[in-house]
Amino acid sequence: MTTPLLALDPVAIGDLIWTPLLIILLKVIGIFVVGLVVTMFMVWFERKAIAGMQNRIGPNKAGPFGLLQTLADGIKLFFKEDLLPDRADRFVFKLAPYLAFVPAFLVWAVIPLGGDFSDGKNGLVTWFGETTRVQLADPPVGILLVLAMSSIAVYGIMLAGWSSGSKYPLLGSVRASAQMVSYEAALGLSLGTVLLLAGTLSTSGIVANQDRFVDWHVISTGVVPFVIFLMAATAELNRPPFDLVEAEQELVGGFNTEYSSIRFGLFFLAEFMNAVTMSGIIVTLFWGGPQGLFDIPVIPGALEGTIWFIAKTLVFLYIYVWFRATLPRFRYDQLMDLGWKILIPASLGWFLLMAALRLGRDQDWNAVVVAVVAAAVLVLCAGLISAAMKVSRANREREGAMF
């Protein structure tokens, strides 16, 4: 008997004979292997791209063009001594790297990696005579799973610093927790605008809602939620310019100072895997996922979707590398000000604006009047917030002058 949970993939509907089971197993192995390989090449790509920007050579010894440099580094880490601090909590210290690494893999289970979304096919493809999707599972609450996994990653970093038994990793982990919780709010509010337009929490449903270029959520939401989501996601990943958790001039090495060997390597892999994962999420939510700008001749629709998804993801991977190479690190007060005083109010205000426009359209209100009134309210709120921040700044300066 088929249960709703089992039917997350169309191939699981009906009797689970050998062919459907093999297709599901193929997807699991494919996501795991491709994820590791892509992460390995992401490390190489970032080192090589930054070297080019800084007029350096970069990795060029291990393998052609240095492609095997990450593999060589991984093998080296496997054989390095695994240190365990005397004051560490042994179980939590060993568990933390997996809490940081595993969620990045699990998110790929709900991301559509391809599929034919043309003519109302909703991403369905036929493999070995069975109808399925080019994703491991399509739960009706896929986006909630993504948010849950991003929250679990916070525990990996926090527990790593706490369990090390040292003050510098603890400071780094506390910074990380405050930073990730702060930007999680802005990220969720900007995501709310996408869900408002898509009307579903399913990732394949969100992609299917972007069937034309003008319907891509980066355009239909007005660009602002995408910009906020990109900035909040960068802070969530602890990537430059938001890498305060690894501010080596202040924290030695951050939350992972006491880690060595393969456990350090897991944190290293998690950082780059998270960058790849978040790029895939951004493409899925705002840039049409596997939906293309035009049809590629000769290539079948399902494969064409995968090509478009890879191309878009590579663009955002390059953007993350570009950020690391060019942007200076924020001060911690600037980091918190940006998150709480700018991104959260902006994302909330834009969400309310889009909700008002959507309600006005459903109720046949005058669109111009609704837009003008909503914009006026947003401007008034922005002015009040700006005035409040000026008063707060003046009070801090006056209190500082007293000492």
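The values are calculated or read from the model by the stated rules, or taken from the named source; none is laboratory data. None of the values given here were measured: they were computed from a predicted structure. Every residue, glycine among them, receives a Cβ derived from its backbone with ideal geometry; neighbour counts consider all protein chains shown.
Could you run through the stretch 367-402 and say how many residues are under 15 Å from Leu348 (Cα atoms), in contact with a helix residue (DSSP H, G or I) (Cβ under 6 Å, 6 or more places away or on another chain) and of a type in the set (Val, Ile, Thr)?
1
Looking at the stretch 299-327, which of the residues that are closer than 23 Å to Asn55 by Cβ and over 19 Å from the mean Cα position of the chain (by Cα) is surrounded by the fewest Cβ atoms within 10 Å (Cβ to Cβ)?
Filtering the stretch 299-327 for residues that are closer than 23 Å to Asn55 by Cβ and over 19 Å from the mean Cα position of the chain (by Cα), the one surrounded by the fewest Cβ atoms within 10 Å (Cβ to Cβ) comes out as Thr326.
Being crowded, with 22+ Cβ neighbours inside 10 Å, within 21 Å of Ile319 (Cα to Cα), in contact with a Ser or Thr (Cβ under 9 Å, 6 or more places away or on another chain) and not charged (D, E, K, R) is the requirement here; does Ala160 meet it?
No: the conditions fail for Ala160.
Has the stretch 239-251 got any residue that is out of contact with any Asp or Glu (no Cβ under 6 Å at 6 or more places or on another chain), among the charged types (D, E, K, R) and not in a helix (DSSP H, G or I)?
Within the stretch 239-251, one or more residues are out of contact with any Asp or Glu (no Cβ under 6 Å at 6 or more places or on another chain), among the charged types (D, E, K, R) and not in a helix (DSSP H, G or I).
Name the single residue that is surrounded by the most Cβ atoms within 10 Å (Cβ to Cβ) among those in the stretch 71-98 being of a type in the set (A, V, I, L, M) and not in a loop (DSSP other than H, G, I, E, B).
If we take residues in the stretch 71-98 being of a type in the set (A, V, I, L, M) and not in a loop (DSSP other than H, G, I, E, B), then Ala96 is surrounded by the most Cβ atoms within 10 Å (Cβ to Cβ).
Tell me which residues, restricted to the stretch 233-253, are of a type in the set (A, V, I, L, M) and modelled with pLDDT of 65 or more.
Ala233, Ala235, Leu237, Leu244, Val245, Ala247, Val252
Does Lys48 meet the test of being surrounded by 13 or more Cβ atoms within 10 Å (Cβ to Cβ), more than 28 Å from Thr326 (Cβ to Cβ) and at pLDDT 85 or above?
no
Identify, by number, the condition in (1) touching a helix residue (DSSP H, G or I) at 6+ places or on another chain (Cβ under 8 Å); (2) closer than 19 Å to Ile307 by Cβ; (3) polar (S, T, N, Q) that Ser150 doesn't meet.
So the condition that Ser150 fails would be (2).
Results for (1) closer than 26 Å to Ile219 by Cα; (2) of a type in the set (Gly, Ala, Ser), shown as yes or no for each residue.
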residue: Thr257; (1), (2): no, no
residue: Asn274; (1), (2): yes, no
residue: Asp295; (1), (2): yes, no
residue: Ile299; (1), (2): no, no
residue: Ala302; (1), (2): yes, yes
residue: Phe309; (1), (2): yes, no
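Would you mind stating whether Asp333 is within 26 Å of Ala235 (Cα to Cα) and charged (D, E, K, R)?
So Asp333 fits the description; yes.
Between Phe272, Phe294, Phe330, which is part of a loop (DSSP other than H, G, I, E, B) and surrounded by 15 or more Cβ atoms within 10 Å (Cβ to Cβ)?
The conditions single out Phe330.
Could you tell me whether any residue of the stretch 199-213 is in a helix (DSSP H, G or I) and of a type in the set (D, E, K, R)?
Within the stretch 199-213 (the criterion being in a helix (DSSP H, G or I) and of a type in the set (D, E, K, R)), the answer is no, since none of the residues qualifies.
Go through the residues of the stretch 334-357 one by one and say whether even a single one is farther than 28 Å from Val181 by Cβ and either modelled with pLDDT under 90 or basic (Lys, Arg) (or both).
Within the stretch 334-357, one or more residues are farther than 28 Å from Val181 by Cβ and either modelled with pLDDT under 90 or basic (Lys, Arg) (or both).
Could you grab the pairs with beta carbons closer than 6 Å, sequence gap of 6+ or different chains, first residue in the stretch 299-320 and closer than 17 Å to Trp127 by Cβ, second one not in a loop (DSSP other than H, G, I, E, B)?
Note: pairs meeting the criteria are Gly301/Ser118; Ala302/Val125.
Filter the stretch 60-70 for residues that are buried (at least 17 other Cβ atoms within 10 Å of the Cβ) and at positive phi and give the result.
Gly66
Taking the condition of being assigned to a strand (DSSP E or B) and over 20 Å from Gly205 (Cβ atoms), how many residues in the stretch 120-134 meet it?
Of the residues in that region, 3 qualify.
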